[in-house]
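Peer 1: My questions will all concern the structure given below.
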């Protein structure tokens with residue numbers, strides 16, 4: 001049977017006891033929401049996190065806020081100009097592509113001023129489709145943004161979570177894994193589970209050399225149990241497709 005061999009409440013409780021609480025210093029969406037809670041600021045933060053780590057994204061976001069004078073708004077970004085924008089977001093890498101997306105999002109927000117007020121009144125699937133029309137906004141970016149801006153009980157799947165789910169026997173693409181997470185975790189646990197599983201992937205369920213023997217979920221995880229059965233030095237059969245491919 002696919003999935004971990006413990007229930008969602010027990011799984012989250014184990015992760016709470018074993019991992020640091022999610023904080024703005026560890027997740028760029030939380031950092032952006034703390035700086036200025038707006039649809040635009042959270043979208044920009046999540047765009048900066050695509051295909052890089054949150055540390056780089058937070059540094060790029062911090063520099064961008066500094067460059068615009070302390071308040072990240074669409075107007076401030078458009079006034080700044082492309083050259084200074086690119087310089088600010090360089091720590092996140094792929095800065096030309098990111099600036100293309102940020103400028104397009106800024107123009108769209110200004111052309112659709114009602115969206116910031118109305119988007120959270122939409123059904124989650126309608127809100128996702130609306131955001132995914134924007135350049136640089138794929139399903140993961142839309143889900144993380146809506147989870148943090150609207151509080152929608154979604155389950156975004158990043159590369160860490162994708163790898164963990166593969167090792168739990170959950171296969172498929174982004175949508176299949178998202179739907180699995182939303183069926184396994186009750187709504188009130190999804191946001192916390194999303195962030196705790198990312199921390200699990202960072203610390204224990206790594207792509208090349210997972211630390212199965214130290215993992216707080218080792219007796220729940222089919223891959224870790226298989227490793228234990230094969231003996232010391234073995235690795236999980238699946239690395240979960242880890243890589244720096246497109247993760248919008």
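Peer 1: Name, by its number, the condition in (1) exposed (fewer than 14 other Cβ atoms within 10 Å of the Cβ); (2) closer than 27 Å to residue 195 by Cα; (3) over 21 Å from the mean Cα position of the chain (by Cα); (4) at pLDDT 95 or above that does not hold for residue 122.
Peer 2: In the conditions (1) exposed (fewer than 14 other Cβ atoms within 10 Å of the Cβ); (2) closer than 27 Å to residue 195 by Cα; (3) over 21 Å from the mean Cα position of the chain (by Cα); (4) at pLDDT 95 or above, residue 122 misses (1) alone.
Peer 1: Would you pick out the residues in segment 18-35 that are surrounded by fewer than 17 Cβ atoms within 10 Å (Cβ to Cβ), touching a residue at least 40 places away in the same chain (Cβ under 8 Å) and not in a loop (DSSP other than H, G, I, E, B)?
Peer 2: Residues of segment 18-35 surrounded by fewer than 17 Cβ atoms within 10 Å (Cβ to Cβ): 18, 20-21, 23-25, 34.
Applying the additional criterion that residues be touching a residue at least 40 places away in the same chain (Cβ under 8 Å) yields 18, 20.
Once the filter is applied, which keeps residues that are surrounded by fewer than 17 Cβ atoms within 10 Å (Cβ to Cβ), touching a residue at least 40 places away in the same chain (Cβ under 8 Å) and not in a loop (DSSP other than H, G, I, E, B), segment 18-35 yields only 18.
Peer 1: Do you know which residues across segment 66-113 are more than 18 Å from residue 36 (Cβ to Cβ), over 21 Å from the mean Cα position of the chain (by Cα) and not in a helix (DSSP H, G or I)?
Peer 2: 81, 112
Peer 1: Continuing with this model, one more query. Look at residue 106 and say whether it is in the same structural domain as residue 142 (by TED's automatic domain parsing), farther than 20 Å from residue 205 by Cα and touching a residue at least 60 places away in the same chain (Cβ under 8 Å).
Peer 2: In short, yes.
Peer 1: State which residue is modelled with the highest pLDDT when the search covers only segment 36-72 and only residues that are surrounded by 17 or more Cβ atoms within 10 Å (Cβ to Cβ) and over 20 Å from residue 95 (Cβ atoms).
Peer 2: Of everything passing the filter in segment 36-72, 39 is modelled with the highest pLDDT.
Peer 1: Answer yes or no as to whether residue 15 is at pLDDT 95 or above, more than 23 Å from residue 136 (Cα to Cα), out of contact with any helix residue (DSSP H, G or I) (no Cβ under 6 Å at 6 or more places or on another chain) and not in a loop (DSSP other than H, G, I, E, B).
Peer 2: So residue 15 fails the test.
The values are calculated or read from the model by the stated rules, or taken from the named source; none is laboratory data. Bear in mind that the values here come from a model prediction, so they are computed numbers and not experimental data. Glycine gets a Cβ as well: all are built from the backbone with ideal geometry, and neighbour counts include every protein chain shown.
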